[in-house]
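What follows is calculated from the coordinates using simple rules that are stated; it is not laboratory data. Remember, predicted model here, so these are calculated numbers, not experimental data. Positions of Cβ are backbone-derived with ideal geometry, glycine not excepted, and every protein chain shown enters the neighbour counts.
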Amino acid sequence: MCGIIGILGSEPAAPRIIEALKRLEYRGYDSAGIATLDADGAMQRRRAPGKLKNLDEALASDPVTGDQGIGHTRWATHGLPTQANAHPHVSGPVAVVHNGIIENFRELRHELEAKGHTFQTETDTETIAHLIAANMKSGMSEIEAVQAGLGRLEGAFALAFLFEGRPDMLIGARKGSPLAIGIGDGEMFLGSDALAVAPFTNRVIYLEEGDWCVLSRESYKIFD
Ligand code: GLU
């Protein structure tokens with residue numbers, strides 16, 4: 001079981017994401033990664049195989065900015081624990097981190113490849129990023145694209161999505177793997193468990209099985 005953290009904050013996100021991921025190390029992992037949005041809403045991503053120290057070093061030599069982002073510690077199920085296979089996975093404006101396994105990813109991948117999507121990894125997770133990006137390309141909003149995409153996924157997942165050019169939005173979803181919302185003071189968080197968000201808030205709501213949520217800094221909405 002790996003770890004997820006998402007932050008819509010009011011201070012630099014990267015150090016906080018690393019802090020949260022360190023608290024999730026007990027779950028075991030083989031690689032880690034982070035994506036943030038800079039002040040202009042552009043996506044920045046760093047990933048590293050192995051321990052969080054390696055991601056820390058990657059960030060030290062090539063820092064990211066921004067006060068919102070997502071982070072992940074991966075326990076590889078599909079594809080080797082390489083930098084390329086580390087999360088977040090990105091397609092178009094969509095970045096996603098994922099806990100679990102998408103059982104019908106091959107079928108979805110073939111469908112998306114037929115539409116012209118090119119895959120960079122061997123993971124089941126990358127399919128999710130492409131699926132949501134394809135929905136957005138067909139004219140759906142971020143929320144509509146995730147809602148439609150979730151309906152196509154079979155398997156177990158906890159997910160956190162970050163969208164380029166959407167500086168006050170995170171979307172989370174849970175089916176078969178836990179995910180919690182942390183409510184801060186003008187800040188909002190997503191985490192695999194309360195421990196992940198504990199440095200930032202002790203107000204935590206666990207999503208129920210099949211729930212998904214849309215977060216801004218000031219509000220959250222939960223759908224089932
Ligand atoms: N199945 C995904 C992968 O292999 C996620 C694994 C996990 O839960 O960390 O990348």
Checklist outcome for this item: Residues whose modelled amide H sits under 5 Å from the amide H of ALA32, counting only those 5 or more places away in sequence or on another chain, are ALA48, GLY50, ARG74
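So, with +1 on the Cβ of K and R and -1 on the Cβ of D and E, and no other charges, what is the size of the charge dipole of segment 1-41 about its Cα centre, to the nearest 20 debye? Working shown, then result.
Numbers: 4 positive and 6 negative charges, 49 e Å.
For this selection, approximately 240 debye.
In debye to the nearest 20, how big a dipole does segment 164-224 give about its Cα centre with +1 on each Lys and Arg Cβ and -1 on each Asp and Glu Cβ? Can you show the working numbers first?
Values: 6 positive and 10 negative charges, 8 e Å.
Magnitude of the dipole: close to 40 debye.
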Checklist entry - Is the shape of the chain rounded, prolate or oblate, going by the alpha carbon gyration tensor and its root eigenvalues a ≥ b ≥ c, with a/c under 1.5 for rounded and a/b larger than b/c for prolate? => result rounded
Next on the checklist: Nearest 500 deg cm²/dmol is fine: what mean residue ellipticity at 222 nm does the chain get from its DSSP H runs of n ≥ 4 alone, each adding -39,500 (n - 2.57), divided by its residue count?
Outcome noted: -7500 deg cm²/dmol
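Which length gain, in nm to one decimal place, applies between ALA39 and ILE205 when the Cα-Cα distance is subtracted from 0.36 nm times their residue separation? Before the final figure, lay out the partial values.
Numbers: separation 166, 0.36 × 166 = 59.76 nm, distance 2.86 nm.
Between ALA39 and ILE205, full extension yields 56.9 nm more.
Loop-only GluC sites (Glu not before Pro) in segment 178-224, please: DSSP not H, G, I, E or B, and at most 16 other Cβ atoms within 10 Å. Numbers along the way, then the final one.
On the way: sites: GLU187, GLU208, GLU209, GLU218; in loops: GLU187, GLU208, GLU209, GLU218.
Of the GluC sites (Glu not before Pro), the ones in loops of segment 178-224 whose Cβ has at most 16 other Cβ atoms within 10 Å are GLU208, GLU209, GLU218.
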Next on the checklist: Taking the Cα centroid of segment 200-222 and of segment 103-170, what is the distance between the two, rounded to the nearest whole Å?
Outcome noted: 21
Checklist entry - Near the amide H of TYR220, under 5 Å away, which other amide H atoms are found, from residues 5 or more places off or on another chain, if H is placed in the peptide plane? => result none
Checklist outcome for this item: Given unit charges at Cβ for Lys, Arg (+) and Asp, Glu (-), the dipole magnitude of the chain about its Cα centre in debye, nearest 20, is 320
Checklist entry - Where a Cα-Cα gap under 17 Å defines reach, which lysines qualify for LYS51, not counting those fewer than 8 residues away within the same chain? => result LYS22
